[in-house]
Every structure is written in structure tokens, then in C-alpha cells.
Amino acid sequence: MIGRRRRVTPMKIALVVKGKEDRFLVRIMQETENFIQVVGLADLSGEFSWLSAQEKKNYFVTSDPAKVAQLPEVEAVINTVEDREVSLLLKQNISAGVEIVDVESSDFFKTLLRSKEELIEARKLKGELWAILNSVQDAIEVADEEGVIKYVNPAFTRMTGIPFSDRVGKNIFEVSPRGSLASSLIKQKPVTGHRTVVGGSDVEVISHSSPIFVDGEVEGAVVVFQRVTDILKLMDELEKSNTLVENLYAQINRISGFRWTFETMVGKSKSFKAAVEAARKYSRSDVPVLIEGETGTGKEVFAQAMHHQSSLQRNPLIKVDASFIPESLLDLEFFGCEEGAYPGAVRTRLGKVELAQGGTLFIKGVCQLNEHLQEKLLKLIREGSYQRIGGEDALTVDIRVMVSSTRELKSLVRQGKFREDLYLELSPCSLQVPSLRQRIEDIPLLAETFLKQLSRKTGKNVHNISPRALQALMDYDWPGNLRELWNVMERAVMVVGENTIKPEHLSPYIISHAEGPSIFSELVPLDRMEQMMLKTALARFGETLEGKKKAARALNISLATLYNKLKKYQVGP
């Protein structure tokens with residue numbers, strides 16, 4: 001499944017409370033054990049009868065706040081007691097590097113508590129819903145996004161004669177491929193009044209099915225066989241529960257997941273500010289956007305920023321890079337295929353267009369699309385409809401389209417290489433991202449920002465750039481733009497043996513513009529140098545097929561050797 005969350009190491013904390021009235025806080029902490037682990041508890045009342053035997057065994061329990069503050073494994077102390085003496089005692093005894101968090105003054109912590117309470121309530125609601133599903137007298141079946149059947153209620157077994165154990169774990173596309181549950185998963189929309197025979201039985205039913213969306217993606221579907229008396233109310237409650245979970249996960253993603261926004265973009269030049277201002281305006285609508293600019297200027301960064309400031313920010317942003325996908329596979333990548341559409345297509349495959357449902361589809365390198373795909377893209381923009389490979393039915397989707405190009409589309413239209421009607425659909429909201437040559441005054445700020453990020457990434461204490469090195473950076477013409485600047489700074493951080501970047505630490509071709517041949521202060525392993533040269537060549541010439549041909553010529557190797565080395569070092573997407 002796309003977007004699986006990584007498991008993080010829980011933060012170990014100690015709690016300072018004033019009696020059993022704060023037991024709710026301990027219980028909430030237990031519900032967040034994937035993120036927070038309680039190792040110590042100081043209760044000023046000295047009364048611990050409200051703790052269970054297991055809790056007393058798991059925690060270091062005391063009435064002295066100073067003792068929990070000195071626990072060696074504690075990373076933070078949560079103080080819920082509004083007492084100046086307690087606060088002073090904690091500060092006097094806290095270990096170095098350990099944080100003290102006052103619940104009353106910490107907006108973030110109070111938000112976390114509210115979110116966890118809502119999540120607990122959502123889980124309780126889902127438990128109640130499952131109880132209803134088990135007791136309702138009409139048949140219900142649930143499958144995940146892959147079609148694997150996860151649940152059937154007792155009424156299903158009574159109606160069809162198929163035992164629970166013979167149904168759960170099977171794939172709906174195999175046991176009942178023509179039913180409404182399979183159809184709802186494929187179409188990603190409700191299917192009502194569907195008359196069919198339940199797969200594996202001779203029972204004819206009228207069924208109603210609906211997909212289950214979480215975080216804008218289909219997580220599965222549920223089907224109800226006719227004769228359900230309260231199913232509409234049940235589905236309404238289920239939808240509310242799913243919406244609550246979606247909102248909670250959206251809040252967590254905004255806190256923990258990095259995404260480009262206008263606030264995180266770096267630059268103060270007039271050309272950069274003008275591009276940002278235009279992008280902010282385009283964020284307020286859902287019309288297509290054309291982003292043009294040289295390779296490495298940050299076109300994808302602008303697309304992310306516009307999406308995350310738009311009304312679609314809670315829904316997915318799906319990228320398709322036409323430059324890195326063979327032309328013969330682009331149709332499949334965009335629009336998916338039906339089962340049996342070609343040899344080896346053993347099941348229906350969803351395309352990127354379907355995955356972007358309700359959100360934004362970002363097409364990188366739109367100038368690479370052939371005439372056939374340009375026509376399908378035009379229909380998608382105008383009508384919101386498309387067909388899978390091998391499909392007969394027109395499917396509908398509600399998405400916003402953003403595209404980027406390293407080549408001027410208007411020029412390609414004049415050359416007959418790009419459809420004029422498609423260009424007209426894209427061009428009203430066009431954005432020109434300035435090259436680094438057009439924003440030279442931003443180079444010091446960008447270099448400093450990259451240096452900080454790379455120092456954290458590599459663990460090296462490099463925090464200065466000498467004036468001569470900075471001047472060399474500003475004298476260079478940067479055909480690879482921001483991506484090339486990043487690679488140059490990455491190489492400099494790897495070879496430097498001190499805390500300051502000097503001219504001799506920069507790439508030789510940078511120095512040749514300023515001070516002549518470079519003298520390296522440290523030796524670098526050949527494989528590491530080869531990897532950096534590959535990155536620099538791609539940044540300089542671009543990542544299209546034509547750019548790779550130029551990179552291969554510049555490195556004096558064949559195109560096949562270039563591809564082998566890119567694969568070996570995992571350079572590029």
C-alpha cells in the first residue's frame with residue numbers, strides 16, 4: 001500500500017501528578033505507547049491505590065519529583081502540578097538534555113491529548129459498529145484494497161451457507177469477480193441496486209456496496225445484501241468515523257511529515273518573489289497549472305507548495321515523471337489497465353490518475369508525452385474522464401492537473417510537437433520558475449541553507465563558506481541550477497577537513513571560472529567521487545534521455561555504461 005508509516009522509537013517520559021484525579025493522563029499516555037513510553041511516575045499525594053499492579057511494576061513510582069527527574073533513561077518530564085516549588089525542584093534536579101513540559105502552558109501537548117481522546121472515541125465507535133454488523137440480520141461482507149476478504153457477518157453465513165472460515169482470506173476478484181463489492185473496488189465509487197448471485201453459492205441478491213476512503217486512498221470496500229433495515233444509518237456512522245480518522249491522520253502528517261510549502265522555500269530576489277506570488281494566486285483555484293523552467297530550478301517544489309496551500313491539501317499529490325518512464329509504459333502508468341488487457345495482466349491495475357482521486361496529479365516532463373497521451377490528457381482535463389487499457393467504460397475522476405516542462409511548450413506547438421488545444425488548456429495559469437542565473441543574489445542564502453542541511457545529514461561540523469568560495473559560486477553560470485548547487489555543496493562537505501568551505505573544496509569546473517585548477521585538501525574514495533560526478537552531470541544536463549546522452553559524452557562513457565553506473569550508485573529517481 002502506498003504511504004505506509006514508519007515505526008518510531010517511543011520517547012521515554014516521567015509524569016508528575018497530584019493524585020488519582022490525574023489518572024486519565026496516565027491512561028492516555030498508555031494509548032500513545034507507539035510514541036510515548038511512561039517509565040516514571042511521581043504522585044505528590046503519596047497515594048498509589050489507583051494504580052494497577054502491572055502499572056506499579058512497569059513504572060518507577062515515588063512521591064518525590066526529584067527522583068523521577070534523575071532517572072537515567074528519562075528524556076522528558078511532564079509536570080501537571082501548578083506549584084512553583086515543584087517546578088523549582090524539578091529544574092534543580094533535572095538531568096542534562098532532559099526537557100520539562102508544563103501541560104498547562106504547552107499548546108502542542110494539549111492538542112496531542114485532545115487528538116488522542118478523539119482517536120480513542122473513534123476506536124470505540126468502530127467497535128460499536130462491528131458489534132452492530134455482527135448482530136444485524138442482513139448479510140455484510142468487507143474486503144481490503146487488494147480485494148482480500150477481511151470480514152463476513154453471521155447473517156452472511158446464514159444467507160449463503162458459506163462458513164466464515166471458507167470466505168475470509170479469499171480474494172473477491174476470484175470468488176465473486178462480477179459482484180458489486182469487486183465493482184466498487186475497481187470503480188472506487190458506490191454501486192447500488194446490483195443484482196447478482198453470490199460467488200460460491202446459488203443465492204441471488206440485490207446488493208449495495210461502497211468504497212472505504214482513508215487519507216484520500218481506497219482502503220477497501222463494504223457490501224450489504226438487500227433486506228437491510230438500518231444500513232443507511234450504519235453507513236452514515238461509518239463514514240463519520242472514517243472522516244474523523246482521516247482528519248486525525250492529516251494533523252499528524254502535518255506535524256511529522258516534511259512537505260514543501262511557500263514558507264519553507266528560500267529566496268529573496270525579485271524574480272523568485274514574483275514566481276512565488278503568482279504560485280500563491282494559482283493555489284486558490286483548481287484549474288490546471290503549467291510550470292516551466294530549466295532543469296533543476298525547483299518546479300516540483302512549486303507544485304508541492306501550491307498543492308499544500310490549496311483546498312486539496314488533505315488529499316493526495318501524485319507525481320508522474322514522464323522523463324523516467326519508457327514511452328511504451330506511460331499509458332499504463334497514467335491510466336492503468338483491466339484484467340486480461342494484455343499477456344501478464346492477471347488483475348486490474350489502477351493508474352496514477354485514479355490514485356490522485358480528489359487531489360492533484362503532477363506530470364513532470366509533459367513535453368515528453370506522445371500525441372496519443374496528449375489527446376487522453378486533454379480529454380481528462382476537459383471532461384474528467386478516461387479509460388483504462390482494455391476497458392470499455394469511461395471512468396470519471398475529480399482531480400487537479402499540474403504539469404511541468406523544461407522546454408517552452410509554446411515553441412513546441414509552433415514546431416508541431418505539442419497539441420495547441422492542450423497547450424491552451426494549460427497556459428492560462430502558467431508559471432515561469434527563474435533560473436539561478438536570474439537570482440544570483442539568492443546564492444549566498446541558498447548555499448548557507450544547503451550547508452546546514454548537509455551538515456546535519458552527514459554529521460560533519462561544517463558551518464562556514466569563505467568569501468572567495470562564495471564569490472566563485474556567484475561567478476558560475478549554473479546550467480544545472482538548484483540541483484547542481486546542491487550537488488556542489490554536497491561534494492564540498494564530503495571533502496572538507498575543517499569547518500569552512502574554501503575554493504579548493506569546490507568542484508574543479510566551478511574553480512575554473514574563478515581561480516584556475518583546484519587543489520583538493522583531502523583525498524576522496526574513487527567510487528564516492530564517481531557518484532558525485534554522476535550527480536553533477538545529471539544536474540548540469542538534465543535527466544531526460546537527451547540530457548543523459550550529453551552527460552555520457554561529457555563523462556566520456558557510453559550511454560549504456562552511464563545507465564549501469566546510475567543503477568549501481570542508485571543515482572536519480
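The values are calculated or read from the model by the stated rules, or taken from the named source; none is laboratory data. The shown structure was predicted, so the numbers you read here are calculated from the model rather than taken from an experiment. Every residue, glycine among them, receives a Cβ derived from its backbone with ideal geometry; neighbour counts consider all protein chains shown.
Table: residues versus (1) of a type in the set (Ser, Thr, Tyr); (2) within 17 Å of HIS208 (Cα to Cα); (3) at pLDDT 85 or above; (4) outside the structural domain of VAL223 (by TED's automatic domain parsing).
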site: GLU121; (1), (2), (3), (4): no, no, no, no
site: GLY127; (1), (2), (3), (4): no, no, no, no
site: ASP138; (1), (2), (3), (4): no, yes, no, no
site: GLU145; (1), (2), (3), (4): no, no, yes, no
site: TYR151; (1), (2), (3), (4): yes, yes, yes, no
site: PHE156; (1), (2), (3), (4): no, yes, yes, no
site: LYS170; (1), (2), (3), (4): no, no, yes, no
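Pairs linking a residue in region 253-277 that is closer than 15 Å to GLY298 by Cα to a residue that is surrounded by 14 or more Cβ atoms within 10 Å (Cβ to Cβ) and modelled with pLDDT under 85, with Cβ atoms under 9 Å and 6 or more positions apart or on different chains, are ARG259/ASN253.
Please find, within region 289-333, the residue that is surrounded by the fewest Cβ atoms within 10 Å (Cβ to Cβ) out of those that are closer than 27 Å to PRO434 by Cβ and of a type in the set (Lys, Arg). Ranking the candidates gives LYS319 first.
Among the residues of region 303-312, which ones are in a loop (DSSP other than H, G, I, E, B) and either among the charged types (D, E, K, R) or in contact (Cβ under 8 Å) with a residue 40 or more places away in the chain (or both)? Within region 303-312, GLN309, SER310, LEU312 meet the criteria. Per this entry, GLY351 is not counted among residues that are surrounded by 18 or more Cβ atoms within 10 Å (Cβ to Cβ) and farther than 22 Å from GLU146 by Cα.
Counting only helices (runs of 4 or more DSSP H) wholly contained in region 480-573, the ones carrying 1 or more residues that are modelled with pLDDT of 85 or more, acidic (Asp, Glu) and not assigned by TED's automatic domain parsing to the domain that holds VAL366 occupy 481-495. Of everything in region 257-287, what is under 29 Å from GLY384 (Cβ atoms) and either among the small types (Gly, Ala, Ser) or in contact with a Gly (Cβ under 9 Å, 6 or more places away or on another chain) (or both)? Give them in sequence order. GLY257, TRP260, ALA275, ALA278, ALA279, SER283, SER285, listed by residue number.
Taking the criterion of being part of a strand (DSSP E or B) and surrounded by 14 or more Cβ atoms within 10 Å (Cβ to Cβ), the residues of region 151-196 that qualify are TYR151, VAL152, ASN171, VAL191, HIS194, THR196.
From GLU354, GLU392, GLU339, which residue is out of contact with any helix residue (DSSP H, G or I) (no Cβ under 6 Å at 6 or more places or on another chain), under 30 Å from SER176 (Cβ atoms) and not in a loop (DSSP other than H, G, I, E, B)? Sole residue among the options that is out of contact with any helix residue (DSSP H, G or I) (no Cβ under 6 Å at 6 or more places or on another chain), under 30 Å from SER176 (Cβ atoms) and not in a loop (DSSP other than H, G, I, E, B): GLU354.
If you take the residues in region 301-336 that are hydroxyl-bearing (Ser, Thr, Tyr) and either at pLDDT 90 or above or in contact with a helix residue (DSSP H, G or I) (Cβ under 8 Å, 6 or more places away or on another chain) (or both), which one is nearest to ASP215 (Cα to Cα)? It comes out as SER311.
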